[in-house]
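Remarks on the structure that follows.
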Amino acid sequence: MNTNKFMLVGDDSAFGNLTAREVYDGIADKPNDAKVEVVESWEKITWRRFCKNKVAFWSMVLLLGIVLMAVLAPVIAPFNPNTTVGDFDAAPSAAHLLGTDDVGMDILSRLIYGSRVSLIVGVGSVFIYALIGITLGLLSGYLGGTVDGVIMRITEVFMAYPHFMIIMVIVSLIGPNMMTVMLVMGVMGWPPICRLVRGEVLKVKSMDYIASAVVTGYSPYTIVAKHILPNVLSPILVNATFGIASAILMEASLSFLGMGVQPPTASWGNMLTSAQSLTVLSEEPWRWIPPGIAVLTAVLAINFLGDGLNEAIGGDSK
């Protein structure tokens, strides 16, 4: 039985004491001047719009494939990524499909395990800064006044400094590793989403149903958690999607500069570090092309996915 929401259009009195469900299920005969209109949920409408964007849809499929590769890395990787398993600088062969690096570690295995680092750092840092930014944005937008002023001034101070340079300095002081990079990127990345949430809260707060909730006597926590937050999640979701792509690029950049994940732990960024030599660039392309393509593919897939979500959420209802 179809469980979608529905509404009856026509002369309501023509149905007597019959319920809308009875009319809809065909238990009673529908009068000629009545019709049943199925109303889809917001989620189904958004999903249908998203699926119409083929680039975004297949980007989502590709991204799911990368996630699956990261989860199943111990199963599908042919070798231990941190162990010498072949000759140094060996070209691709049947034994090592993507060759080996300068210490004989298998490139394919390191590429597969490197996806774990990129996804963990990307998703983890976005989760941290989204948690901070959403909380401060809700407080700033809803409470206003002095609280709003203080939070916005702190936000402006954070946004006034070059994030990449600050992150490099902090990571160098604490010590470069995956957890440090993820935490520092998360703590430094919240201002944009805080400003976004604040702006959305200011718009939603002026709606009549919020005023009704205040008059009814709901607590501020209930109003924010149940009436405001659900209505500002859409732009947050889109922002977080783009944030994951930016975090993956930043992690790769930090690792490339030696300030991120340290060898022998595999990451796409530190795999690219070995390409700084002109000899490697010209004579050993198997050492830098695969991780470069991996970074490019993941970032493009996430960006196309974000564009698709933005269009699906903000599109018309047709």
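When the Kirkwood radius is taken over all Cα pairs of the stretch 135-283, what Stokes-Einstein diffusion coefficient follows at 4 °C and 1.567 mPa s, in µm²/s?
Details: Rh = 17.9 Å.
Taking Rh from Cα pairs, D becomes 73 µm²/s.
With the cut-off at 21 Å, report for the stretch 55-163 the share of all Cα pairs above it, as a whole percent. The calculated P(r) of the stretch 55-163 puts 60 percent of pairs beyond 21 Å. Using θ = phi - 60° in the Karplus curve 6.51 cos²θ - 1.76 cosθ + 1.60, the 3J(HN,Hα) couplings for the stretch 139-152 round to 5, 5, x, 7, 7, x, x, 5, 4, 4, x, 5, 5, 5 Hz; x is entered for Gly and Pro. Using 0.36 nm per residue and subtracting the Cα-Cα separation, the extra length available between Leu68 and Ser93 on full extension is 6.5 nm. Principal-axis analysis of the Cα atoms of the chain puts helix 54-71 at an angle of about 60° to the longest axis. Sorting the segments 188-197, 91-100, 105-114, 141-150 by their mean number of nearby beta carbons within 10 angstrom, highest to lowest, gives 105-114, 188-197, 91-100, 141-150.
Taking the chain as the region of interest, the number of lysine pairs whose Cα atoms are within less than 15 Å, with members eight or more places apart or on different chains, is 6.
Could you sort 177-184, 266-273 so that the peptide with the highest average Cβ count within 10 Å comes first and the rest follow in order?
Details: 177-184: 19.5, 266-273: 25.2.
The packing order, highest mean first, is 266-273, 177-184.
To the nearest ten degrees, helix 178-188 and the longest principal axis of the Cα atoms of the chain are 50 degrees apart.
Taking each pair of different alpha-carbon atoms in the chain once, compute 1/r for the pair, average those values, and report the inverse of that mean as the Kirkwood hydrodynamic radius in Å to one decimal. Answer for the chain: a Kirkwood hydrodynamic radius of 23.2 Å.
Once both labels are positioned 7 Å from their Cα atoms along Cα-to-Cβ, the gap between Phe127 and Ile289 label points is 3.6 nm. Across the chain, the relative contact order, built from alpha-carbon pairs under 8 Å that are at least six residues apart, equals 22 percent. Model label points for Ser172 and Val75, set 7 angstrom from Cα along the Cα-to-Cβ axis, are 4.3 nm apart.
Taking Cα centre as origin and charging only the Cβ of basic (Lys, Arg, +1) and acidic (Asp, Glu, -1) residues, the dipole magnitude of the chain rounds to 520 debye. Taking each DSSP H run with n ≥ 4 as -39500 (n - 2.57) and averaging over every residue of the chain yields -20500 deg cm²/dmol at 222 nm.
Which FRET efficiency value, to the nearest 0.05, is calculated for Val150 and Gln276 with the Förster distance at 41 angstrom and r the Cβ-Cβ distance? List each step's numbers first, then the result.
Values: r = 45 Å, r/R0 = 1.10.
Working from the Cβ atoms, E equals 0.35.
Taking the C-alpha atoms only, the angle from helix 191-205 to the longest principal axis of the chain is near 0 degrees.
Since every read-out is calculated from the coordinates, none of them should be taken as a lab result. Note that the structure is a prediction, hence the values are computed from the model and not measured. FYI the Cβ positions are ideal-geometry reconstructions off the backbone, even for glycines, and counts take in every protein chain you see.
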